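Here's the structure, in structure tokens; my notes come after.
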Amino acid sequence: QVQLVESGGGLVQPGESLRLSCAASGRMFRIYPMGWYRQAPGKQRELVATITSGGSTNYADSVKGRFTISRDNAKNTVDLQMNSLKPEDTAVYYCRADALIVYWGQGTQVTVSS
């Protein structure tokens, strides 16, 4: 069983930054590929960024150069640094762990609006 708890969402203006954090339970965290996904109202959930156990990263084209995913295996956390936020980044952001099965967090709301 893996529990994921996201934090760090909020309301920001366009061009500002936010840092999301996902805290994971379990001793095997360091071997799990992890990811951040988002779901905007009326849209399907989509990949934002992923990071392997070895630290290799992958990003959606829409966030490349603006977002950075990182992990700290000692703290069982995976973060998403989001810079130069745009209104189209508004969504609920979810943390995901690819263990033997897929686990999801409860989500954290990010709203980008002037």
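The values are calculated or read from the model by the stated rules, or taken from the named source; none is laboratory data. Quick caveat: nothing in here was measured; it's all calculated off a predicted structure. Here Cβ is always computed from backbone atoms with ideal geometry, including for glycine, and neighbour counts include all displayed protein chains. The area values use the complete protein model at the heavy-atom level, side chains included, leaving out ligands, DNA and RNA. Shrake-Rupley method; radii C 1.70, N 1.55, O 1.52, S 1.80 Å.
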Enumerate the calculated ³J(HN,Hα) couplings along the stretch 56-73 in order (Karplus 6.51 cos²θ - 1.76 cosθ + 1.60, θ = phi - 60°), each rounded to whole Hz, writing x wherever the residue is Gly or Pro.
6, 10, 9, 10, 5, 4, 5, 10, 4, x, 10, 10, 9, 9, 8, 9, 10, 5
For the stretch 1-87, with all protein chains present and a 1.4 Å probe, just round the carbon and sulfur fraction of the accessible area to a whole percent.
47 percent
Just to check I understand the Karplus step: with θ = phi - 60° and J = 6.51 cos²θ - 1.76 cosθ + 1.60, what whole-Hz values come out for the stretch 74-90, glycine and proline as x?
6, 9, 6, 10, 9, 10, 10, 8, 10, 10, 6, 5, 10, x, 6, 7, 4
Residues whose built amide H sits under 5 Å from the amide H of THR90, excluding neighbours closer than 5 in sequence, are VAL112
Give the Debye-formula value of log10 I(q)/I(0) at each listed q (0.33 Å⁻¹), with one equal scatterer per alpha carbon of the stretch 67-114, two decimals each.
-1.24
Residue-normalised accessible area of the chain, expressed per residue, 1.4 Å probe, Å²
54 Å²
For LYS86, give me every one of the aspartates and glutamates with a C-alpha distance below 20 angstrom, ignoring sequence neighbours fewer than eight places off in its own chain.
GLU16, GLU46, ASP61
For the chain, what is the percent of antiparallel DSSP beta bridges, rounded to the nearest 5?
90 percent
About the Cα centre, and with charges only on the beta carbon of Lys, Arg (+1) and Asp, Glu (-1), how big is the dipole of the chain? Nearest 20 debye, please.
200 debye
How far, in nm, would the chain grow between ILE101 and ALA23 when pulled straight, counting 0.36 nm per residue and subtracting the alpha carbon separation?
26.3 nm
